[in-house]
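A short worksheet on the structure shown next.
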Amino acid sequence: MRLVRDKFYIGGQWVAPSGRETIEVHNAGTGEVMGRVPAGGEKDIDAAVGAARSAFESWSQTSAEKRAEYLEKISTALKARADELAKTIAQEVGMPLKMAGRIQAGLPIANFANYGKILKEFSFEQRVGNSLVVREPVGVVGAITPWNYPLHQITLKVAPALAAGCTVVLKPSEVAPFNAFILAEAAESAGLPNGVLNIVTGYGAAAGEALVKHPGVDMISFTGSTRAGKRISELAAHSVKRVALELGGKSASVILEDADLAAAVKGTVNGCYLNSGQTCTALTRMLVPEKLYPEAARIAAEVAKGFNVGDPLAETTRLGPLTSKAQLERVRGYIKKGLDEGAELVAGGAEPPEGVPAGGYYVRPTVFGMVRNDMTIAREEIFGPVLSIIPYRDEEDAIRIANDTVYGLAGAVWSKDEARAQRVARRIRAGQVDVNGGAFNMNAPFGGFKQSGHGREAGVYGLEEFLEYKSLQLKG
Ligand code: NAD
């Protein structure tokens with residue numbers, strides 16, 4: 001499959017780029033070039049922001065019911081292409097196909113429809129004494145997204161921004177951009193008015209920074225690395241833009257001594273290896289009581305071995321490749337670092353796995369034991385299938401270790417005593433904590449504490465990110 005896209009979606013038209021530079025996109029499973037997209041720059045971003053500004057006045061005045069209708073139509077149009085979306089993202093990112101269908105295609109389809117529903121129930125005004133407090137769209141939104149859950153991350157910005165009455169310029173990840181073009185076509189077929197959604201592909205340093213600096217943009221909603229989030233905050237400060245940041249994590253799974261150990265370890269390994277560990281909420285640090293360490297390590301090794309590594313399009317694959325060559329080198333580097341720093345290798349390792357397609361970015365599902373929280377593998381976000389098991393003394397020690405990180409995105413707590421588990425969960429400084437394997441909830445707020453960012457996505461909380469308060473002081 002060779003995909004070639006040579007135009008941007010601006011003002012409801014397919015527009016030729018201002019320059020000739022293109023970006024090659026690689027198939028994670030084979031390493032081959034699967035296609036290319038244009039690399040946009042300042043001029044392209046300027047045209048897209050211009051289109052979004054022109055569309056803002058009338059889009060922001062449409063009724064909530066009308067906007068809900070468009071969102072539902074986009075969901076329907078994406079659903080009609082669900083298989084194509086799943087296959088495209090399975091190849092761009094490397095997630096096994098069946099799972100990509102459920103998560104990478106399924107969540108965006110569900111979220112567009114869900115924002116239609118939320119919009120119908122949301123109240124945009126409230127009386128406070130003699131004031132009428134109204135909530136208005138913040139304006140033109142610049143959305144910048146990563147590659148790991150590419151269309152999901154896009155949807156968590158675009159759907160609520162459009163629902164709020166904002167218009168959007170999207171700069172998707174250069175690593176996994178094809179799904180964004182399918183979204184543009186879905187918006188087109190839904191009849192979304194021209195300029196309400198605009199898409200320019202390109203590199204972060206060129207197209208991304210041009211969008212952040214543009215005076216015609218009112219807000220930047222960013223998901224990606226903490227490094228880029230810091231740079232974006234600095235750049236956005238010059239024009240006092242609102243900034244929402246969804247960044248990295250180093251989340252702890254705290255297994256208390258009274259937990260069902262087998263279920264807790266299995267849940268943690270699954271939570272660590274989802275999407276080959278390329279998940280911002282991955283449970284990468286497993287905290288176990290010292291005396292349960294040998295048994296926990298044995299179970300983790302067994303669970304890890306059940307993760308069959310292979311081609312994302314093959315039925316039997318449970319762990320696909322990493323997304324890029326850069327990722328492969330980075331993750332292997334961390335595995336070597338773990339060994340150098342004296343962690344105990346319980347499963348996997350830095351050597352390439354056997355029996356996988358040549359050229360793909362495959363890595364072994366890896367577990368390190370006897371990890372100390374000051375080791376590099378316990379401090380930095382690896383973004384690969386690498387679990388660190390950290391023994392702790394008692395509950396207080398576990399909470400201290402869980403919070404001893406610059407991040408605060410997610411976490412998990414396991415205990416047979418539900419009240420105790422909740423009590424410990426409340427003390428973890430992170431945006432979402434799973435209690436005894438509680439299920440993912442698309443309406444719950446999603447976002448971070450500390451260097452995992454600020455602002456919340458998903459559900460009604462995600463809609464509120466794109467609204468501004470205004471109070472009208474009334475005489476009567
Ligand atoms: P990245 O920061 O390299 O890139 C993310 C996006 O930002 C891309 O579109 C990129 O082109 C753009 N970008 C990069 N530098 C920029 C700059 N200076 N100005 C403007 N735009 C810029 O991240 P990535 O490698 O694509 O994604 C992996 C990271 O994303 C991980 O750290 C992961 O934890 C994080 N992530 C967080 C969440 C969350 O919700 N918290 C979700 C998914 C991924």
Quiz prompt | Distant-in-sequence amide H partners of Leu387 (H built 1.01 Å from N, under 5 Å) | solution = Thr366, Val367, Phe368
Practice problem: Determine, for each peptide in 380-391, 199-210, 334-345, 154-165, the mean count of other beta carbons within 10 angstrom over its residues, then list the peptides with the highest first. | Solution: 154-165, 380-391, 199-210, 334-345
Practice problem: Determine the distance separating the Cα centre of segment 236-276 from the Cα centre of segment 162-218; give it in Å without decimals. | Solution: 27
Quiz item: Relative to the longest principal axis of the chain, what angle (0 to 90°, nearest 10) does the C-alpha long axis of helix 293-305 take?
Solution: 60
Quiz prompt | Candidate aspartates and glutamates for bridging to Lys291, where Cα separation is under 20 Å - those fewer than 8 sequence places away on the same chain excluded | solution = Glu257, Asp258, Asp260, Glu302, Glu344, Asp394, Glu395, Glu396, Asp397, Asp417
Quiz prompt | By average C-beta atoms within 10 angstrom, highest first, the peptides 284-297, 172-185, 440-453 | solution = 172-185, 284-297, 440-453
Self-check item: segment 18-86 and segment 435-476: distance between their alpha carbon centers, rounded to Å
Solution: 24
Quiz prompt | Residues of segment 59-88 with amide N under 20 Å of the 7 Å Cα→Cβ point at Asn308 | solution = 87
Quiz prompt | Solvent-accessible heavy-atom area per residue, rounded to whole Å², over the chain at 1.4 Å | solution = 40
Quiz prompt | Rounded percent of accessible protein surface that carbon and sulfur make up, the chain, 1.4 Å probe | solution = 51
Practice problem: Rank these by accessible area, largest first, 1.4 Å probe: Lys475, Lys241, Lys117. | Solution: Lys475, Lys117, Lys241
Quiz item: Could you give the angle, 0 to 90 degrees to the nearest 10, between helix 82-93's Cα long axis and the longest principal axis of the Cα atoms of the chain?
Solution: 60
Exercise. Would you mind checking the tilt of helix 325-340 against the longest principal axis of the Cα atoms of the chain, expressed as 0 to 90 degrees and rounded to 10?
Key: 30
Self-check item: Candidate aspartates and glutamates - alpha carbon under 19 Å from Lys117, same-chain residues fewer than 8 apart omitted
Solution: Glu65, Glu69, Glu72, Glu125, Glu136, Glu457, Glu464, Glu465
Quiz item: Across segment 433-447, in residue order, what do the Karplus-derived ³J(HN,Hα) couplings come to in whole Hz, using 6.51 cos²θ - 1.76 cosθ + 1.60 with θ = phi - 60° and x for Gly and Pro?
Solution: 10, 7, 9, 6, x, x, 6, 4, 10, 5, 9, 7, x, 10, x
Exercise. Using Cα pairs closer than 8 Å and at least 6 residues apart in sequence, work out the relative contact order for segment 320-385, in percent.
Key: 41
Quiz item: Remind me, relative contact order of the chain in percent, using alpha carbon pairs under 8 angstrom and six or more residues apart?
Solution: 18
Self-check item: Exceeding the 18 Å Cα-Cα cut-off - candidates Lys120/Lys241; Lys7/Lys171; Lys213/Lys241
Solution: Lys120/Lys241
Quiz item: Could you work out the helix-only [θ] at 222 nm for the chain, with each DSSP H run of four or more residues adding -39,500 (n - 2.57) and the total divided by the number of residues, to the nearest 500 deg cm²/dmol?
Solution: -12000 deg cm²/dmol
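The values are calculated or read from the model by the stated rules, or taken from the named source; none is laboratory data. Since the structure is predicted, the reported quantities are computational estimates derived from the model, not experimental observations. Here the Cβ is made from the backbone with ideal geometry for all residues, glycine too, and neighbour counts use every protein chain on show. Surface areas here come from the heavy atoms of the whole protein model, side chains and all, with no ligands, DNA or RNA. Shrake-Rupley method; radii C 1.70, N 1.55, O 1.52, S 1.80 Å.
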